[in-house]
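Novice: Please find one structure pasted underneath; my questions will follow.
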């Protein structure tokens, strides 16, 4: 690894988690500072790798520099480098929980209003109840995230220690090597929203059947079983969140990303297998009705509905395997070792 690469990696490690606005100016400022210090130290003699490392040590670690340049360093009891990441993560989680709770409330209240012929007062009462539940969920989510970051700050947990990455061994990624942070953030939000909606309103998926000339809404899933097995849903959500959070902070395709993705996907497969083979999460009434509808249809369609949980497990396993294979291929292609 030459001196220029070492300096580039140092600067990249220092600015990669700073806000985009002003990041380019900070890069130029750091580059100018480093080369000025090298010139002062070495004069007309070309600097060696040892000289570069001495100068970088004098300036401070990339994490310390990021703290100094962070616009949030004096704004919270959770100080840098934790504050900016806490702020980002708590916004993400609260947004996802709010969207999930609003969707769950809308689905639940609408189906109750239609199915039970609720009065306007009853609808208003249910709405107030959901508002209270939503506020409680937001407070709990915010508290949980804050407690995690407070523990990290108290224990002085370094993000470099969590990922096992040192700036000297982290090449500056090319455009095609980077992981889109917007996609990672979207996947985190999707995991939380899906978890919230499915746990609070499992009747989100339903079929509409005609009975005595009237439309009847029949949920696909057994709400009682879904809520009694909430720990499986929690495991699915956590695996998805951990995978995408690691991608977000890693920022590029590496073997570490592939390993974390593989572990999370395997755990999801194991939990899915136990959940779908030992618990009847489907509503028997729905499948009795749907079997009548497809009684004269192709045997293949009837078999899918008759073994829907196994079919769903196979589809989920295939999707997770594909996700891991794609991530692994990209990691093998783009993960460059430090030289």
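The values are calculated or read from the model by the stated rules, or taken from the named source; none is laboratory data. Quick caveat, the model's predicted, so the values are computed rather than measured. Using ideal geometry, Cβ is built from the backbone for each residue, glycine included, and neighbour counts are taken over all protein chains shown.
Novice: For the structure I just gave you, tell me whether residue 13 is within 27 Å of the chain's Cα centre (by Cα) and at pLDDT 85 or above.
Specialist: yes
Novice: Quick check, is residue 91 in a helix (DSSP H, G or I), modelled with pLDDT of 80 or more and either touching a helix residue (DSSP H, G or I) at 6+ places or on another chain (Cβ under 9 Å) or not assigned by TED's automatic domain parsing to the domain that holds residue 136 (or both)?
Specialist: no
Novice: Consider residue 197 carefully, then state whether it is within 30 Å of residue 20 (Cβ to Cβ) and in contact (Cβ under 8 Å) with a residue 24 or more places away in the chain.
Specialist: Details: within 30 Å of residue 20 (Cβ to Cβ): no; in contact (Cβ under 8 Å) with a residue 24 or more places away in the chain: yes.
Taking the combined requirement at face value, the residue does not satisfy it.
Novice: Please enumerate the residues belonging to the range 270-288 that are in contact (Cβ under 8 Å) with a residue 40 or more places away in the chain and either closer than 30 Å to residue 174 by Cβ or surrounded by fewer than 17 Cβ atoms within 10 Å (Cβ to Cβ) (or both). Break it down stepwise before answering.
Specialist: Going residue by residue through the range 270-288, those that are in contact (Cβ under 8 Å) with a residue 40 or more places away in the chain are 272-275, 279-286.
Residues satisfying the conditions are 273, 274, 279, 280, 284, 285.
Novice: Would you be able to tell me the number of residues in the range 10-29 that are within 15 Å of residue 64 (Cβ to Cβ) and assigned to a loop (DSSP other than H, G, I, E, B)?
Specialist: Residues in the range 10-29 being within 15 Å of residue 64 (Cβ to Cβ) and assigned to a loop (DSSP other than H, G, I, E, B): 3 in total.
Novice: While we're on this one: Is one or more of the residues making up the range 218-225 closer than 26 Å to residue 103 by Cα, assigned by TED's automatic domain parsing to the domain that holds residue 177, part of a helix (DSSP H, G or I) and in contact with a helix residue (DSSP H, G or I) (Cβ under 8 Å, 6 or more places away or on another chain)? Even if it seems obvious, please write down each step before you answer.
Specialist: We begin by selecting, within the range 218-225, every residue closer than 26 Å to residue 103 by Cα; these are 218-225.
Pick out the ones that are also assigned by TED's automatic domain parsing to the domain that holds residue 177 and you get 218-225.
So of that shortlist, the ones also part of a helix (DSSP H, G or I) come out as 223-225.
Then drop every residue that is not in contact with a helix residue (DSSP H, G or I) (Cβ under 8 Å, 6 or more places away or on another chain), which leaves 223.
Yes: one or more hits.
Novice: For residues in the range 270-298 being more than 22 Å from residue 227 (Cβ to Cβ) and touching a helix residue (DSSP H, G or I) at 6+ places or on another chain (Cβ under 7 Å), which is modelled with the lowest pLDDT?
Specialist: Ranking the candidates gives 294 first.
Novice: Out of the residues in the range 310-331 that are surrounded by fewer than 15 Cβ atoms within 10 Å (Cβ to Cβ) and in contact with a helix residue (DSSP H, G or I) (Cβ under 8 Å, 6 or more places away or on another chain), state the one that is modelled with the highest pLDDT.
Specialist: In the first step, residues of the range 310-331 are kept if they are surrounded by fewer than 15 Cβ atoms within 10 Å (Cβ to Cβ); the result is 310-311, 314-315, 318-319, 321-322, 325-326, 329.
Applying the additional criterion that residues be in contact with a helix residue (DSSP H, G or I) (Cβ under 8 Å, 6 or more places away or on another chain) yields 310-311, 321.
Values: 310: 89, 311: 88, 321: 95.
Of everything passing the filter in the range 310-331, 321 is modelled with the highest pLDDT.
Novice: Suppose the filter is within 29 Å of residue 180 (Cα to Cα), in a helix (DSSP H, G or I) and either free of Cβ contacts under 8 Å to residues at least 60 places away in the same chain or out of contact with any helix residue (DSSP H, G or I) (no Cβ under 7 Å at 6 or more places or on another chain) (or both); does residue 7 pass it?
Specialist: Details: within 29 Å of residue 180 (Cα to Cα): yes; in a helix (DSSP H, G or I): yes; either free of Cβ contacts under 8 Å to residues at least 60 places away in the same chain or out of contact with any helix residue (DSSP H, G or I) (no Cβ under 7 Å at 6 or more places or on another chain) (or both): yes.
Yes: the conditions hold for residue 7.
Condition check ((1) farther than 30 Å from residue 207 by Cα; (2) outside the structural domain of residue 14 (by TED's automatic domain parsing); (3) at pLDDT 85 or above) across all residues:
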site	(1), (2), (3)
125	no, yes, yes
144	yes, yes, yes
149	yes, yes, no
169	yes, yes, no
183	yes, yes, yes
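Novice: Ok, one more. Being crowded, with 19+ Cβ neighbours inside 10 Å and at pLDDT below 90 is the filter here, so list the residues in the range 251-269 that pass it.
Specialist: Selection gives 251, 252, 253, 254.
Novice: Can I ask one more? Return a yes/no flag: does the range 228-247 have any residue that is assigned to a helix (DSSP H, G or I), in contact with a strand residue (DSSP E or B) (Cβ under 7 Å, 6 or more places away or on another chain), at pLDDT 85 or above and surrounded by 21 or more Cβ atoms within 10 Å (Cβ to Cβ). Walk me through how you get there before you give the answer.
Specialist: Pass one, the range 228-247, residues assigned to a helix (DSSP H, G or I): 228, 230-247.
The next check asks that each one be in contact with a strand residue (DSSP E or B) (Cβ under 7 Å, 6 or more places away or on another chain); those that pass are none.
Taking every residue of the range 228-247 in turn, none turns out to be assigned to a helix (DSSP H, G or I), in contact with a strand residue (DSSP E or B) (Cβ under 7 Å, 6 or more places away or on another chain), at pLDDT 85 or above and surrounded by 21 or more Cβ atoms within 10 Å (Cβ to Cβ).
Novice: On the basis of being modelled with pLDDT of 85 or more, within 30 Å of residue 254 (Cα to Cα) and exposed (fewer than 13 other Cβ atoms within 10 Å of the Cβ), does residue 96 make the cut? If you could, list the steps in order and put the result at the bottom.
Specialist: On the way: modelled with pLDDT of 85 or more: yes; within 30 Å of residue 254 (Cα to Cα): yes; exposed (fewer than 13 other Cβ atoms within 10 Å of the Cβ): no.
It is false that residue 96 is modelled with pLDDT of 85 or more, within 30 Å of residue 254 (Cα to Cα) and exposed (fewer than 13 other Cβ atoms within 10 Å of the Cβ).
Novice: Name the residue, out of 120, 66, that is in contact with a helix residue (DSSP H, G or I) (Cβ under 8 Å, 6 or more places away or on another chain) and either over 30 Å from residue 194 (Cβ atoms) or at pLDDT below 75 (or both). Steps first, answer last, please.
Specialist: Numbers: 120 fails: in contact with a helix residue (DSSP H, G or I) (Cβ under 8 Å, 6 or more places away or on another chain).
Criteria check complete, one pass: 66.
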